[in-house]
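Visitor: One structure is given below, represented as structure tokens, and several questions about it will come after.
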Amino acid sequence: MTLSRRTLLAAGAAASLVPALAVGQRRSGTNAARFSLAYAPHEGSFPSRGGLLEQIAYAADQGFTAWEDNEAAARPVAQQESMAKALAQRGMTMGVFVASMPKWAKSRPLLGANDGAEREAFLADIRASVDVAKRLNAKRMTVVTGFMDPKVPVDIQTARVIDAMRRAGDIVAPSGAAMVMEPLNTRTNHPGVYMQTISQGYAVARGANSPAVKVLADLYHEQIQSGNLIPTLATCWSEIGYIQFGDNPGRNEPSTGEINYSSIVKWLKAQRYTGVIGMEHGNSVTGRAGEDRLIAAYRAIDAA
């Protein structure tokens with residue numbers, strides 16, 4: 001979810017793939033044609049172009065119409081406001097930010113635990129995040145449903161997570177925004193997390209029964225944990241509120257791994273999906289060559 005968890009490969013890792021993307025390379029200059037879907041880069045997608053605001057401007061000039069910032073809630077209010085202004089000036093949509101950041105090293109919170117203190121702390125984070133969403137004009141915020149408690153039966157934990165999400169939904173719904181719960185893989189990145197698949201998120205969202213509680217379909221995580229991406233999206237579509245891309249292995253741009261993102265994009269277009277697609281991954285090649293390669297990869301799949 002955070003930049004610290006995005007693996008950046010050495011420049012040579014994807015060199016053999018560059019010729020295949022040559023047709024999609026952007027033209028020199030700026031103000032390229034807009035992408036047909038709202039792919040959202042993040043700070044770090046174009047690091048050679050300057051700081052946060054400079055990267056937003058550069059992304060807009062390359063045709064991107066959305067932006068994502070997991071760390072936005074931790075930024076000073078003035079920076080949140082300047083980012084919102086920059087996005088508005090460029091006609092860009094704000095994607096997700098993380099509303100309640102887990103304590104990864106401590107494997108917390110335990111939202112299904114017998115002690116309800118961590119559920120209350122989670123709800124306090126959600127209350128604070130509503131103001132962040134308003135400042136950013138964000139309609140989606142990411143939540144992680146915590147870690148498994150080995151002392152509590154799974155079904156009991158599920159009931160408690162559903163209750164917590166329903167209460168959180170009551171907090172968020174009046175703002176018009178929605179939380180998107182992110183299932184995470186346990187095989188490569190996050191052993192011990194509670195929510196591990198999109199279908200599990202679907203069950204919790206249906207149980208919470210709130211327009212403010214949806215699922216974040218991060219296809220990198222889902223590919224590792226379960227695969228079967230398009231059928232899973234189709235089955236759970238009514239509860240999916242946000243999508244993120246990232247190839248596997250490596251968690252880099254499309255074409256660097258095993259996921260057929262052209263087919264995914266074609267399917268999303270058939271659904272008339274108009275939401276944001278977070279570019280939740282690193283660049284396989286460092287420097288400006290990697291930034292150009294990133295843009296080319298999205299031009300290639302956007303042509304699906």
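FYI, it's all coordinate maths here, none of it is from the lab. What you see is a predicted model; the values in this text were computed from it and never measured. Note: ideal-geometry Cβ built from the backbone for every residue, glycine included; neighbour counts use all protein chains shown.
Visitor: Provide the net charge surrounding ALA113, with neighbours chosen by a C-beta distance below 9 Å and charges set as Lys +1, Arg +1, Asp -1, Glu -1.
Guide: Its environment carries a net charge of 0.
Visitor: May I ask you to compute the full-extension gain from SER238 to ALA74, defined as 0.36 nm times their residue separation minus their alpha-carbon distance, rounded to one decimal in nm?
Guide: Value of the extension gain: 56.0 nm.
Visitor: Moving on to the next point. Which one, (i) 185; (ii) 150; (iii) 121, gives volume of the Cα convex hull per residue in Å³ as derived from the coordinates shown?
Guide: Derived directly from the coordinates: (iii).
Visitor: Next question, about the same structure. Evaluate the stretch 116-259: find the radius of gyration of its Cα atoms, find its Kirkwood radius, and give the ratio Rg to Rh.
Guide: So for the stretch 116-259, dividing Rg by the Kirkwood Rh gives 0.97.
Visitor: Local charge sum around ILE156 (other residues, Cβ-Cβ under 14 Å, Lys/Arg +1, Asp/Glu -1)?
Guide: Local charge sum for ILE156: -1.
Visitor: Restricting to the chain, compute how many DSSP beta bridges are antiparallel as a %, nearest 5.
Guide: Antiparallel bridges: around 10 percent, rounded to the nearest 5.
Visitor: How much length would be gained if the chain were fully extended between ALA124 and ALA159, taking 0.36 nm per residue of separation minus their Cα-Cα distance, in nm to one decimal?
Guide: Working: separation 35, 0.36 × 35 = 12.60 nm, distance 1.99 nm.
Computed gain between ALA124 and ALA159 is 10.6 nm.
Visitor: Using Cα centres only, tell me the gap between the stretch 93-109 and the stretch 162-208 in whole Å.
Guide: Each part reduced to its Cα centre gives a spacing of 12 Å.
Visitor: Which of the aspartates and glutamates could a cross-linker span from LYS214 if the Cα-Cα distance has to be under 19 Å and same-chain partners fewer than 8 positions apart are dropped?
Guide: GLU68, ASP69, ASP125, ASP163, ASP170, GLU182, GLU222, GLU239, GLU280
Visitor: I need to check one value: relative contact order of the chain, counting alpha carbon pairs closer than 8 Å and at least 6 residues apart, in percent.
Guide: Reported relative contact order: 23 percent.
Visitor: How much net charge surrounds LEU37 when only other residues with a Cβ under 14 Å from its Cβ are counted (Lys, Arg +1; Asp, Glu -1)?
Guide: Around LEU37, the charge tally is +3.
Visitor: Which order results if HIS281, HIS221 are arranged by neighbouring Cβ count within 10 Å, fewest first? Each step should come with its number before you reach the end.
Guide: Working: HIS281 26, HIS221 30.
In increasing order of surrounding Cβ atoms, one gets HIS281, HIS221.
Visitor: How much of the DSSP beta bridge set in the stretch 135-223 is antiparallel, as a percent to the nearest 5?
Guide: Here the antiparallel bridges make up roughly 10 percent for the stretch 135-223.
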